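Below: the structure, in structure tokens.
Quick note: the coordinates plus some simple rules give every number you see, no bench work behind them. Owing to the predicted nature of the structure, the values given are computational and were not obtained by experimental measurement. Cβ: placed from backbone, ideal geometry, glycine included. Neighbour counts: every protein chain shown.
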Amino acid sequence: MSDSAQQAKAQKKAYDEACKRVLSEREIMAHILKACTEEFKDCSLQDIARRYIQGEPSISRIAVEPETISPRIEGEQTEDKSGAEGTVYYDIRFHAVAPVDGKMIQLIVNLEAQNDFNPGYPLLKRAVYYCGRMISSQYGTVFVKLHYEKIQKVYSIWICTMPTKKWEYNISRYRFTEEHLIGRTQAERSHYDLITIVLVCLGSKSHKQLKGILRLLNMLLLDNMGSQEKQELLAKEFNVTMTPHLEKGVATMCNLSEGIERRGERRGEKRGEKRGRKLGEEVGEKRGWNLGKQDDVLEMLKDGVPFEKIAQYTKLSLEAIADIAKQNKLI
């Protein structure tokens with residue numbers, strides 16, 4: 001791997017980690033829970049952050065893949081390794097209690113920051129798998145033997161920063177419902193309402209064009225603004241307390257995104273000069289790419305750039321990009 005590719009990979013990893021740190025702030029999670037869950041929609045943001053979110057969130061520390069677990073009640077396990085493949089971790093996972101029908105119920109919440117909306121499989125199926133793992137891993141940690149009544153409801157909420165055009169600025173929820181084929185007898189909802197998936201899709205607009213949770217997340221994760229400006233908006237408009245942890249995360253994200261953009265501009269300008277063609281001025285990586293697009297796609301694929309981003313820069317279809325990746329044995 002070239003030095004530039006290693007640098008790009010390191011920067012992407014650092015950016016992803018900073019993003020997770022920012023999203024794991026209690027007051028940011030409170031905004032997400034209030035907007036995306038039925039249990040918290042009528043709760044105040046202050047109560048969600050201070051009363052209902054339990055303990056400290058786990059960031060990239062709890063593994064998704066299964067392992068054989070001997071029954072025990074010790075709180076939450078910290079790793080579910082799969083021997084066949086590298087360990088895959090939940091981005092953010094935490095516990096919460098929610099006031100439902102006059103009593104508190106226990107929830108396990110997984111929060112994922114997802115850049116690649118088409119990673120080669122349906123993203124929803126991955127979310128279903130994550131929920132299934134959060135249910136099955138409760139055996140030995142939440143309940144043992146036949147005490148299925150103790151199973152806790154799980155949420156998997158996916159913040160998708162680069163969805164396809166038709167998915168931009170949609171928030172969609174998926175959950176179990178009761179359907180009567182014969183008769184009308186109703187089961188208690190809490191007995192089957194145990195899995196909920198939420199897709200929060202952002203896009204290419206400015207936060208100034210948006211409202212609510214989409215406005216907050218778009219500003220925080222996508223808008224090209226300085227760190228200080230973002231911090232001021234978080235405090236003044238969204239009443240988010242600027243902790244040192246949050247300040248550092250926002251500053252890191254802004255600095256890394258600026259560095260990545262500058263590197264892209266330099267690379268794009270160099271290519272544009274070499275090929276004698278200028279195709280636009282929005283971002284340097286859009287310049288001079290009508291000729292030799294396959295070389296550009298290959299370099300971005302090797303740098304770990306998501307398919308959606310490559311499509312935006314090169315104007316190629318996702319299918320064409322996938323074909324190039326397959327031809328070069330990159331997927």
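Packing order of peptides 245-254, 98-107, highest average first: 245-254, 98-107 (average count of other Cβ atoms within 10 Å over each peptide's residues).
Taking each residue as 0.36 nm, the span from Leu298 to Thr141 lengthens on full extension beyond its C-alpha to C-alpha distance by 52.0 nm. When you count the other C-beta atoms within 10 angstrom of each residue and take the mean per peptide, 187-197, 143-153, 298-308 line up highest first as 298-308, 187-197, 143-153. Note on Ala251 and Thr87: the model spin-label points, each 7 Å out from Cα along the C-beta direction, lie 3.1 nm apart. In order along segment 236-251, the Karplus-derived 3J(HN,Hα) couplings, from 6.51 cos²θ - 1.76 cosθ + 1.60 at θ = phi - 60°, round to 7, 8, 10, 6, 8, 6, 7, 7, x, 4, 6, 4, 5, x, 5, 4 Hz, and Gly and Pro are given as x.
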